[in-house]
1. At a threshold of 8 angstrom on Cα-Cα distance, excluding pairs fewer than six apart, so keeping six or more, what relative contact order does chain A reach in percent?
2. Per the Debye formula with a single identical scatterer at each Cα and no solvent contribution, what log10 I(q)/I(0) holds for the stretch B:32-148 at q = 0.24 Å⁻¹?
3. Where Rh denotes the Kirkwood radius from the mean inverse Cα pair distance, what is Rg over Rh for chain A?
4. Enter the mean number of other protein chain beta carbons within 10 Å of the beta carbon of each residue in B:292-303, as an integer.
5. Taking neighbour Cβ counts within 10 Å as the exposure measure, how do B:Leu141, B:Leu68 sort from fewest upward?
6. Could you put A:Met83, A:Met1, B:Met213 in order, starting from the residue whose Cβ has the fewest other Cβ atoms within 10 Å?
7. Give the order of A:Leu205, B:Leu46 when sorted by the count of other beta carbons within 10 angstrom, beginning with the fewest.
8. Mean shadow of the stretch A:161-326, computed from the convex hull of its alpha carbons, in nm²?
There are 2 protein chains.
Amino acid sequence: MLVSDLGEFGLIDRVAGALPPPGEGVVVGIGDDVAVLRTDGENYLLATCDIQVEGVHFLREAIGPYRLGRKAAAINLSDIAAMGGVPTYLLVSLAMPPQTEVSFIDELYRGLQDEVSAAGAEIVGGNMANLPDRFMIDILLLGWVEPDHLLLRSGARVGDQVCVTGVLGNSAAGLALLLDPQAEVDPEVWEQLLAAHLTPRPCLLEGRALAGMGAVTAAIDVSDGTLSDIGHICERSHVGVDIWAEQLPISEAARSAAQATGKDALDFALRGGEDYQLLFTVPQPRVGEVMEGVWAATGTPVTVIGQILPPAAGIQVVLSDGTRLPGSKGGWDHFRQS
Amino acid sequence: MLVSDLGEFGLIDRVAGALPPPGEGVVVGIGDDVAVLRTDGENYLLATCDIQVEGVHFLREAIGPYRLGRKAAAINLSDIAAMGGVPTYLLVSLAMPPQTEVSFIDELYRGLQDEVSAAGAEIVGGNMANLPDRFMIDILLLGWVEPDHLLLRSGARVGDQVCVTGVLGNSAAGLALLLDPQAEVDPEVWEQLLAAHLTPRPCLLEGRALAGMGAVTAAIDVSDGTLSDIGHICERSHVGVDIWAEQLPISEAARSAAQATGKDALDFALRGGEDYQLLFTVPQPRVGEVMEGVWAATGTPVTVIGQILPPAAGIQVVLSDGTRLPGSKGGWDHFRQS
């Protein structure tokens, strides 16, 4: 059996299943984006890592070293945001051909540093190795969260409303434009969508605001795609979900990019991924309070896009005409690219 | 300018120089193998990472997945040992071709888990990605140390004795045998040296014993090579050193492997690297106490192999006939392989 047969999540489940059960210090272990760990202090320690590989996760010429640095940091910061945490320290593992230009590394670190310092965190170490074929960056980010502020994937309950910050699909729309240079859109649209794809913003303030309100039952960041990520919440919370297509916050820019590239804006929003918005569930009576609270604290809108259902409902997308589509497949899997 | 022109350590210095000075929470930052960090607890948090690339750091067929897992974990555990710390949690980043056999991953994790659990630590997360060309593993290891137990590279003083645990050169001797299948040595020697190269033992108990005695002024683990690693201590401590060739603890096994492969056992010990012994400095009056203390606590011998001198002395190897060789070059550099 090959890794490609199992897929990323199948492989993670297999690996986790073969390990002994986690010890007392582990609040959240393998299977989540972030490990949540007890130390000798009062707060929990958060630890997350993420690999970005040239030609797989990014196109080196398209993104450039500065934005690659920013994005590699942002992706990890977003994982800490989704736990309601505060990022602190970052270690950078680089593997690259010895023929790499030093100026590429200079710019990469400038991007890392800009993103990390904007988040109030620091680069404190790392490791460099020879990888003859291509450039690779693996980032380890540490952070902390108060035990009563920790946001998990596992607490969604039937009747909870599914909410999301900001807009969905802009990153995928930006990628579609990158891959189709013939597509004609307004320069402003082009710039906005490319920025969404190449320099995504981690929702750290939104995550802290949500964590402080005590109303969120489950949360994740939209990295693999909305359907895939709500699927992670459903799996961990043992629930199903309806996602209401008409309610998805899709920007005019994403719609015009979809038209220009012959793609579907709904698909950008549902399966595109890399929006790094926060996707979370809230008991129905507290939705108004949460929307107002996040808006007041951050200026970011929150939209209700669905509802948690019993597990037998599975994951479904409800279109405006009432048609229901199964939504359980279609996110990003590192070993099963379509 | 290319990365290969600067070399690994030149590149790290350049990167560190371009970043803002470390904040108050950072006890040790970029430039050391381990970051030492303040949290809200009393102990310091330790964080280290290390990449192993197929065909660069290891030969996949020679080591096999189980031993690769053990070694990848051991290398990081050794870094924590050199700080006098206690390892706790490990995150595993894997990048590999989708055609990788799942059984390879199973065995890799079995090796990781065996090594990690023997050290009292736990695997708590990680990340898997598609790397089309070859296998790569990046391990992030966390740990802790009491502030008054922390061992650093920076405290060696003129007159201190340079000490090392165990024997030096066995790992390089094992590699020499691996690369020269024609070489004839006793099967027992072969097995001992291959084990030293393929399943090195991190000196965690020795590190804790040393940390508890309060006599060690500087410490590092022998990963790049004895000369290169004592060079890191000299650089951080602003001192020079004489290494006494005749005093180096070289095993009979390493000597016979040197003979069988036409290599120099002294070279194995001085430049080979990957022994993962602890190399440390102790004020002369306390050497006897330290040797006895480590032996009593762990059964590991400690050997005095040199003496710290003023910085102008540089790094020199003194042969038995009094000849002095400059020893400042010759360790492992990821981007300048000889």
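1. Details: 771 pairs, mean separation 72.0, N = 338.
Worked out over chain A, it gives 21 percent.
2. Evaluating at q = 0.24 Å⁻¹ gives log10 I(q)/I(0) of -1.36.
3. Checking Rg against Rh, the ratio lands at 0.95.
4. On the way: counts 0, 0, 0, 0, 0, 0, 0, 0, 0, 0, 0, 0.
Mean shielding by partner chains, rounded to a whole number: 0.
5. Lowest to highest Cβ neighbour count: B:Leu68, B:Leu141.
6. Numbers: A:Met83 28, A:Met1 11, B:Met213 17.
In increasing order of surrounding Cβ atoms, one gets A:Met1, B:Met213, A:Met83.
7. By the 10 Å Cβ count, ascending: A:Leu205, B:Leu46.
8. Mean projected area for the stretch A:161-326: 9.5 nm², to one decimal.
Just so you know, all these numbers are worked out from the coordinates, no wet-lab data involved. Model, not experiment: these values are computed from the prediction. No Cβ is skipped: glycine too gets one built from the backbone with ideal geometry, and neighbour counts run over all protein chains shown.
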